[in-house]
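Scroll down for the structure; my scribbles are underneath it.
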Amino acid sequence: MAIGGLLTTTNEVAGRVSMHAVRRDLLAAQARAVGLPLIDVPLPFPCSNDDYEQRMARAVARATAEGFTHVAFGDLFLEDVRQCRETRLGGSGLEPLFPLWHQPTDRLARTMIAAGLCARLTCVDPTRLDRSFAGAQYDGDLLTRLPEGVDPCGERGEFHTFAYAGPMFPAAINVELGEVVERDGFVFADLSPRQAAPTS
């Protein structure tokens with residue numbers, strides 16, 4: 001089964017990925033790096049549940065009209081999230097896939113890092129993880145510093161990341177860390193494309 005595109009939602013006001021707060025141009029850079037089209041579902045802010053459902057339904061209808069038959073999610077163990085996705089896609093023509101389901105997250109995290117994944121934490125929930133982790137590299141050192149009860153893959157929303165290098169990318173996406181801010185109860189680290197050094 002071939003992968004045909006990358007699907008995500010973005011905050012249409014901020015121009016960033018919902019919750020992760022990653023700039024849309026970095027998201028587009030990821031899609032270009034893996035050679036796949038980006039299927040962006042822009043959401044208003046604030047976004048009601050009705051708005052979300054309507055916009056996602058239109059995206060699903062477009063996908064099936066274009067010949068898509070499945071959609072894969074990175075969910076790991078949250079049963080309510082999986083059930084919600086399965087219910088929403090029921091009868092839509094898109095079958096949900098969960099290729100990472102119930103993989104031990106400590107082992108998965110270390111396997112990804114050992115394979116060359118490079119990422120930074122872009123969003124931290126300060127009620128679960130200290131705000132100082134915002135912007136940190138997602139690496140073996142970070143895993144050893146995570147407090148007990150924090151999932152090493154951030155599956156319960158403790159943190160969100162942006163991957164900028166790894167075996168899925170033919171070349172790294174150059175990023176630089178900017179301002180760290182607290183907003184709406186979360187701590188966000190801004191990443192932006194690294195500007196090329198001027199040539200003399």
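Here are a few things to note about the model shown:
- Where a residue in the range 171-200 is under 17 Å from SER132 (Cβ atoms) and of a type in the set (Phe, Trp, Tyr) and its partner, wherever it lies, is modelled with pLDDT under 90 and assigned to a loop (DSSP other than H, G, I, E, B), with Cβ under 9 Å and at least six apart: PHE186/MET19
- Test result for PRO46, under 30 Å from LEU177 (Cβ atoms), exposed (fewer than 15 other Cβ atoms within 10 Å of the Cβ) and in contact (Cβ under 8 Å) with a residue 24 or more places away in the chain: no
A quick yes/no check of all residues on (1) in contact with a Ser or Thr (Cβ under 8 Å, 6 or more places away or on another chain); (2) more than 21 Å from VAL175 (Cβ to Cβ); (3) surrounded by 15 or more Cβ atoms within 10 Å (Cβ to Cβ):
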{"residue": "LEU94", "(1), (2), (3)": "yes, yes, yes"}
{"residue": "THR105", "(1), (2), (3)": "no, yes, yes"}
{"residue": "ALA109", "(1), (2), (3)": "no, no, yes"}
{"residue": "ALA114", "(1), (2), (3)": "no, yes, no"}
{"residue": "SER132", "(1), (2), (3)": "no, no, no"}
{"residue": "GLN137", "(1), (2), (3)": "no, no, no"}
{"residue": "GLY140", "(1), (2), (3)": "no, no, no"}
{"residue": "LEU146", "(1), (2), (3)": "no, yes, yes"}
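- Subset of the range 149-192 [part of a strand (DSSP E or B) and out of contact with any strand residue (DSSP E or B) (no Cβ under 8 Å at 6 or more places or on another chain)]: ARG183
- Only a single criterion out of (1) in contact with a helix residue (DSSP H, G or I) (Cβ under 9 Å, 6 or more places away or on another chain); (2) assigned to a loop (DSSP other than H, G, I, E, B); (3) modelled with pLDDT of 95 or more is not satisfied by GLY116, namely (1).
- Whichever residue in the range 73-104 is more than 19 Å from the chain's Cα centre (by Cα) and hydrophobic (A, V, I, L, M, F, W, C) and, among such residues, is farthest from ARG55 (Cα to Cα): LEU94
One line per residue, one yes/no per condition, for (1) within 23 Å of VAL71 (Cα to Cα); (2) modelled with pLDDT of 95 or more; (3) part of a loop (DSSP other than H, G, I, E, B):
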residue: PRO99; (1), (2), (3): yes, yes, yes
residue: ARG120; (1), (2), (3): no, yes, no
residue: LEU129; (1), (2), (3): no, yes, yes
residue: SER132; (1), (2), (3): no, yes, no
residue: ASP141; (1), (2), (3): no, yes, no
residue: THR144; (1), (2), (3): no, yes, no
residue: PRO147; (1), (2), (3): no, yes, yes
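- Residue ID - nearest to PRO193 (Cα to Cα), chosen from residues in the range 11-33 that are crowded, with 18+ Cβ neighbours inside 10 Å and of a type in the set (D, E, K, R): ARG23
- Matching residues in the range 79-92 - criterion: being exposed (fewer than 14 other Cβ atoms within 10 Å of the Cβ) and not in a helix (DSSP H, G or I): GLY90, GLY91
- Criterion violated by ARG107 - all others in (1) charged (D, E, K, R); (2) assigned to a strand (DSSP E or B); (3) more than 19 Å from the chain's Cα centre (by Cα) satisfied: (2)
- Of all residue pairs spaced 6 or more apart or on separate chains, none has beta-carbon atoms under 9 Å together with a first member in the range 56-80 that is farther than 21 Å from TRP101 by Cβ and in contact (Cβ under 8 Å) with a residue 60 or more places away in the chain and a second member that is surrounded by fewer than 13 Cβ atoms within 10 Å (Cβ to Cβ) and among the hydroxyl-bearing types (Ser, Thr, Tyr).
The values are calculated or read from the model by the stated rules, or taken from the named source; none is laboratory data. Predicted model only: the values in this text are computed from it and were never measured. Here the Cβ is made from the backbone with ideal geometry for all residues, glycine too, and neighbour counts use every protein chain on show.
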